[in-house]
Every structure is written in C-alpha cells, then in structure tokens.
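Reviewing the structure listed below.
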Amino acid sequence: MSTTLQHLVNQPYRHGFVTEIETEVVPKGLSEDVIRLISEKKGEPEWLLEFRLSAYRHWLTMEDPSWAKVSHPPIDFQEIIYFAQPKPKPQLASMDEVDPELRRTFEKLGVPLHEQKIMAGVAVDVIFDSVSVTTTYKAKLAEEGIVFCSLSEAVKAHPELVKQYLGSVVPPSDNFYAALNSAVFTEGSFCFIPKGVKCPMDLSTYFRINTEGSGQFERTLIIAEEGAQVSYLEGCTAPQFDTNQLHAAVVELVALDHADIKYSTVQNWYAGDEKGVGGIYNFVTKRGLCRGVNSKISWTQVETGSAITWKYPSCILLGDHSVGEFYSVALTNHLQQADTGTKMVHVGKHTRSTIVSKGISAGKSANSYRGLVKIGPRAVGARNYSQCDSMLIGDLCSANTYPTVEVQNEQAVVEHEASTSKIGEDQMFLFASRGIGQEDAVSMIINGFCRDVFMHLPLEFAVEATKLLGLKLEGSVG
Amino acid sequence: MKLLDVKGLKASVDGVSILKGVDLSIDRGEVHAIMGLNGSGKSTLSKVLAGHPAYTVTGGEVWFEGRNLFELAPEERARAGLFLAFQYPVEVPGVSNSAFLRLAYNTLQASKGGEELDPLEFDDLVREKIKVVEMDPAFLDRSVNEGFSGGEKKRNEILQMALLEPKLAILDETDSGLDIDALRIVANGVNSLRSKENAIVMVTHYQRLLNYIVPDYVHVMHGGRIVKTGDKGLALELEERGYDWVRAAA
C-alpha cells in the first residue's frame, strides 16, 4: 500500500469538546449504597430499586466475558462514576429552560432543538450524561397516544408499562454488562406506540458522554403494540478524554402482532487517538422480541467510533411469520477493535431473518463479525440469509468472521455468503486514471461496498453515514 | 509541439529496472503500435505514462503537450487528456457502472470548465456512446466490471474512452482474451473514435488487432527499449519471422 492510501483515513475527532457545566456526581465506585443513592436521587419506586439490587447481586457472581476478539486492560469498576447529572435543575419543561451552554453543545453537535427538527420530522429525546434534558414534540406525539420520554419520566408516568416490559427481553441476568446496566442504569428513552398507530415521525435520541471518568448506562425500551409502526434513530458522540470510558447500554424492543420496529444507529463515540489512547468501551446489549405473529424488527447500524465495540443487536422471532433483519456497517481504524454481529433466534413457524454485515478495517484495527443463527425445533419453514463482507484498507488491519448456525429443524433454509476484499492500489489507480481524486474514489468505493446497508437507513442518516465514513477514512487510503 | 515526447525514459518496479531508456514521439492524428515479447517492458511503459504508483521513474523525461508529465498526479494526467485502457480492468463491487462513468465524466468536465451532467442528462449521453461498443445498456446498472466477461470488460474500457474523449489513448493489450467478434467490435469502436486531434497507442503481442486498427507506426520493444520502428509492414514481418531477428539486430 503506497503512502497515498494511508493518508486518506485520518481526521481529528470533531466532537471532542467538553461542555463546562456544573455536574452533580455520585462518588465513584459501585456498592448497594451507591445504587440506593442513584435510585433515591431519581425518586424511584421500591420495585425498581429491588430490580437494581437483584441485578447487582447477580452481577457480583458473574465474570467479565472473555470470548470476544477484543483485548483491553481489566476494567476497575470501582473507578467509574455511575451517576452524573448537570447541576441546573433537571426538570425542564420547555426548551427556554435548557442551559445555554448545553444548547451550544447541541448546536456544535448539530442537534438543534428547534423548529428545523419539526421540519425534518424528528422528535428528539436528548440524553446528556445521565439525565434526559428535554423531549421535543411530546405533545404532538401524545395526540396519537404515543409515549416518547425519558425512562425515568416513564417510571413515574407509566409505571405499569415499564414494570411489565423492563427486563422482559434482556433479563438482568442475561450477561455481565446487561446485569451491570440493570443495576446502575441512569437514563434512557422510553417509547410506546399503541395499537394500530403508525408513528408519524422518526423518533430520535442523541447520546453524549460528557463527564470524564463517567460511565454511561442508558437503557432504552420500545414497545409497539398490535399493528403499530415506529422508526427510531440513535446517534452517539462523546468528547475526547485520555482515559477510557465505559458505555454499557441495554436496548429492548418488543413487537406485538403485526407490529413493525425499525431501529437505526449511527455510532461515532470517541475512538481514542491514533496510538489507541482513550476512547469509549462500547459494551452494549440490544435485543428485539418479535412477540406477535407477523411482527418485524429491523436493526440497521453504522458503527464508526469507540475504542472497543462489543455489540450484537439480535432478534428473537417468537411469533409465527415474524421477521428479523440486521444491516450493519462497522468501520475500524488505528487501534480500534470491533466485535459485532447479531443473533437471530427462530422460534415461531415460517420466521425469516436477513443478515447483511459489512466490515471495513483500516490502520492496525481488528474487525470481527460474530453471528448466531439458531433455528428451533418448532420453526417449520424458517429461512435465514446471511451475507458477511469484509474490506481491508492497508496491510496492518485484520478482519475475522465467526458465523455459527444451529438448525434443529429439517424444514428450514439457511444461506450464508462471505467475502473479503481489499481497497487495492489497482482500484485506486482505476479511479485516478479516469481523473477522479482520491477522496472521491475512496468515498465511492466504500459507499459501493456499504450500499446494501445504507439503503436501509432513513435518508438523512444515510447522508450522515456516508460523510462520516469518508471522514473516518481520510488519510488511510493512498 | 508534439503531443507526447518520451526521452530516455527509465523506470523500475520493486527495485528491478524494466525500462532502460525509451524514446518515443507521438503527434496528433497518429496511431502507434508497440509490440514485443512478454517482459520487454510494453505494459510497464503504459503504466508509467499513466502514473501507476507501483513504478518508479529513475531517469529520462516525458512531455505531454509541452507539460512535464511527471509533475502531474495520475488524476491530473487523466484530466489533461491521457487515457489508459487497462489490460486487466478491476472490479468495483456495489458501485454502479453509470455512477462511476458519470463521476469520471463530470470530474473531467469540471476540470475544463465544461458542463456537468445530472443523472438523467448523463443517461442520454451514455446511451448514445454505448453504441460505439455495441454494449447492452443493462451493463450501466451493474457494478463496475463485476461479473463482466473478458470481452465485456474491454468494451467497457473503450466506452470510457468514448466518454472521456482523451487526446492520447493507450490501449494496453486490449485485444488479449477477445474472441474474433469482440475484437472486431472493440476495433470498430476505437476506429470510430480516431480523429486528427487525438492519438492512439496500442500495446499488443499480435498482428491481428492491427488488421482492424491500422497503425501509422510500429515499434518493437526489447529489453526495456524501443529497438526498431517501422510502418505496418513491420508488424507483418514480425508475424512471419518472429522476434528473434529484431533481438539479434538489437
């Protein structure tokens, strides 16, 4: 690889600023007392405190997973701040009450809380560190009976719904990080689409980790009742710190009969610098339950950030004729490590799933796809199609694929395709010899590679993802 | 001023010297054939002129319309009117042929202050140009060269030439791997693009291409140099007598 290809990947992290706002933090470290304190600060009911404590007690018995193809120094869970919230009053009724400094941060991030979002048709629930700052367009959504608010608000306003569904897809004992999240989650989004309602706009949450040394443990819960439809967008950034921050989120989706949930993520957490210093450890559990017949859950993710990504958005296809989809682009550069993929668990009859995974590795990064397709004994007529493609940029990165298929039913069809390619000198030279500059060439090659995934993103996200990949790869090709 | 003037060009790849002093002069309106055995340096000469990064120029100079070619990056050479039709066109999965062709066309237009075309306008243009190589328009919607046969790839190269209208087109073994029908189509395409304003260099092993695209000059390369130059009769003589007598004379 000539030096020119190596130049195209590197652009300083654009979201690396810290907002100077007084923050109220609970002392670092984890204990039952800290959990009680978090629960008390949030004014939670007793059942939720019990949920947390039982998760914590279970977590104490568990071990940090070691099967992923990632390596990092042991995490000292007593060094983490589990709760941080901006000091100005956390209860904000209108946008005018939002701290101006905070508003400027969102403007820098390009998350305007103003009218343009209405024009874009996006309702935003913004998580800043651990407190949901404001939820826009709640009223408009409320007309349709849609609940879209922070999880803590939902605990107060709709306790029966939260109690019914929280932990129903990802039980607190599911895995090490899910247990940790269940014990200490501080904020997140809640979304409920009642029977027969088609959500009139895309719902969006923008996550950002601000306080140095703080973990972010948000928890998102989306429920689509019979025949309901919703498209949910999640964007993530974090400022630049030299220390590693832990982000251990849980996302649970529940789709009842004929419901349709589309969940799209563009993740651009700080990835650390080119020497691998700093960056987010993104250890996330995302799972959707297609509970009803003919229900559908579709995950689309563009993962470009984080020092380490450990994430497997999955679908449990319980209802007959339910459909699960996973479309993923994971890009790693420098010393980033990504171990990501999906699980499709076919339980019901005639369930179908599609997996399209595109891994792009540059620099000295390691990028792995890990997937499980499981077809149970009752899943007559189940079908899965998987496609895993890897692209390498340069000679120092690696791509790995770990597909697992378990079929317990003879009347199922499972297909798997995989490929590995390289942005080579010859491809770049083809573009150059037709007069096309390097950046345009890389952008076109990468977007071509990711086309099968980008076509599933909402339009504005697809545009953002395209730009983001271009920025992330600046300097690495050439 | 010559269109292309190559003086004492030396180049190497991976430290191995391949071109050892090439002299070549080309005027507008001319068609040149460069022949020679494998390893004589023909393809290296094409790639060095187009600026392939794997090759290092170690001596000599090349002037393109009076500009020092080696001061131009590969994409600038292309925008200046130099075109290389590849011997082995690469595939670009997921990138539609029409999007690629349009980007190339518009980049060139932008560089010379011409009019860039939107997808619909470009579609009209490309559907006209594609007739030159008798290609099915369905190839426009497919990924660049992906799953194309050898002949289809070569036709696609000539389609690019037709769109970009270069001043100097270098066809690197465009005839290799073509059956006789495809050879005829490609040759007809190239002939239809010949004009007084442009020049064509064909790099080839075989005489048969030259039956279709008749050259004004035939050069024989051997050991990294042009050792003999003649007219089309030289190609016929090579076909009959082989290369040994030229090598012996060199």
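Just checking, which of B:V22, B:V31 is more than 14 Å from chain A (Cβ to nearest Cβ), hydrophobic (A, V, I, L, M, F, W, C) and out of contact with any Gly (no Cβ under 9 Å at 6 or more places or on another chain)?
B:V31
Quick one: in the stretch A:372-383, of everything that is surrounded by 24 or more Cβ atoms within 10 Å (Cβ to Cβ) and not in a loop (DSSP other than H, G, I, E, B), which residue is nearest to the chain's Cα centre (by Cα)?
A:V373
Scanning for something over 29 Å from B:Y212 (Cα atoms), small (G, A, S) and either surrounded by fewer than 19 Cβ atoms within 10 Å (Cβ to Cβ) or modelled with pLDDT of 95 or more (or both), does the stretch B:23-43 turn up at least one residue?
No, the stretch B:23-43 contains no residue that is over 29 Å from B:Y212 (Cα atoms), small (G, A, S) and either surrounded by fewer than 19 Cβ atoms within 10 Å (Cβ to Cβ) or modelled with pLDDT of 95 or more (or both).
Name every residue in the stretch B:79-113 that is of a type in the set (S, T, N, Q) and at the interface with chain A (Cβ under 9 Å from one of its Cβ atoms), in order of residue number.
B:S96, B:T107, B:S111 - these are the residues of the stretch B:79-113 that are of a type in the set (S, T, N, Q) and at the interface with chain A (Cβ under 9 Å from one of its Cβ atoms).
A quick yes/no check of all residues on (1) more than 14 Å from chain A (Cβ to nearest Cβ); (2) modelled with pLDDT of 95 or more; (3) in contact with a Ser or Thr (Cβ under 9 Å, 6 or more places away or on another chain):
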position	(1), (2), (3)
B:I170	no, yes, yes
B:E173	yes, no, yes
B:S176	yes, no, yes
B:D179	yes, no, no
B:A182	yes, no, yes
B:I185	yes, no, no
B:G189	yes, no, no
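Residue-wise test of (1) polar (S, T, N, Q); (2) in contact with a Gly (Cβ under 6 Å, 6 or more places away or on another chain).
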| residue | (1), (2) |
| --- | --- |
| A:E303 | no, no |
| A:T340 | yes, no |
| A:G348 | no, yes |
| A:A382 | no, no |
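Name the single residue that is surrounded by the most Cβ atoms within 10 Å (Cβ to Cβ) among those in the stretch B:45-63 being within 14 Å of chain A (Cβ to nearest Cβ) and closer than 23 Å to B:K228 by Cα.
By that ranking, first place goes to B:V48.
Does A:Y402 satisfy being more than 20 Å from A:A68 (Cβ to Cβ) and either surrounded by fewer than 20 Cβ atoms within 10 Å (Cβ to Cβ) or in contact with a helix residue (DSSP H, G or I) (Cβ under 7 Å, 6 or more places away or on another chain) (or both)?
no
Of the conditions (1) in a loop (DSSP other than H, G, I, E, B); (2) within 14 Å of chain B (Cβ to nearest Cβ), A:L396 fails just one. Which one is it?
(2)
Identify, by number, the condition in (1) touching a residue at least 40 places away in the same chain (Cβ under 8 Å); (2) under 22 Å from B:L72 (Cβ atoms); (3) touching a strand residue (DSSP E or B) at 6+ places or on another chain (Cβ under 6 Å) that A:E439 doesn't meet.
The single condition A:E439 does not satisfy is (3).
Just one of the numbered conditions (1) within 14 Å of chain B (Cβ to nearest Cβ); (2) aliphatic (A, V, I, L, M); (3) part of a strand (DSSP E or B) is not true of A:V405; which one?
Of (1) within 14 Å of chain B (Cβ to nearest Cβ); (2) aliphatic (A, V, I, L, M); (3) part of a strand (DSSP E or B), only one is false for A:V405: (1).
Could you tell me how many of the residues in the stretch A:414-464 are in a helix (DSSP H, G or I) and more than 7 Å from chain B (Cβ to nearest Cβ)?
19
Yes or no: A:S365 more than 30 Å from B:L164 (Cα to Cα), crowded, with 17+ Cβ neighbours inside 10 Å, within 14 Å of chain B (Cβ to nearest Cβ) and free of Cβ contacts under 8 Å to residues at least 40 places away in the same chain?
no
Return the residues of the stretch A:153-205 that are of a type outside the set (V, I, T) and part of a strand (DSSP E or B); say none if nothing qualifies.
A:E187, A:S189, A:F190, A:C191, A:F192, A:K198, A:D202, A:L203, A:S204
Which of the following residues is over 25 Å from A:K69 (Cα atoms) and within 13 Å of the chain's Cα centre (by Cα): A:Y281, A:Y263?
A:Y263
Out of B:N106, B:N97, I need the residue that is buried (at least 21 other Cβ atoms within 10 Å of the Cβ) and either modelled with pLDDT under 95 or farther than 16 Å from B:K167 by Cβ (or both). Which one?
Just a single option satisfies the conditions, and that option is B:N97.
Report yes if some residue within the stretch A:55-66 is crowded, with 18+ Cβ neighbours inside 10 Å, modelled with pLDDT under 90, more than 23 Å from A:H158 (Cβ to Cβ) and among the small types (G, A, S); otherwise report no.
no
Of all residues in the stretch B:6-19, which are surrounded by 18 or more Cβ atoms within 10 Å (Cβ to Cβ) and charged (D, E, K, R)?
B:K10
May I ask you to list the residues in the stretch B:67-76 that are buried (at least 19 other Cβ atoms within 10 Å of the Cβ) and either part of a loop (DSSP other than H, G, I, E, B) or more than 8 Å from chain A (Cβ to nearest Cβ) (or both)?
Selection gives B:L69 alone.
List the pairs whose first member sits in the stretch A:456-474 and is free of Cβ contacts under 8 Å to residues at least 40 places away in the same chain, whose second member is assigned to a helix (DSSP H, G or I) and not small (G, A, S), and whose Cβ atoms are under 6 Å apart, counting only residues at least 6 apart or on separate chains?
A:A462/A:F454; A:T466/A:N447
The values are calculated or read from the model by the stated rules, or taken from the named source; none is laboratory data. Since this is a predicted model, take the numbers as computed values, not measurements. As a convention, Cβ positions derive from the backbone with ideal geometry for all residues, glycine included, and neighbour counts pool all protein chains shown.
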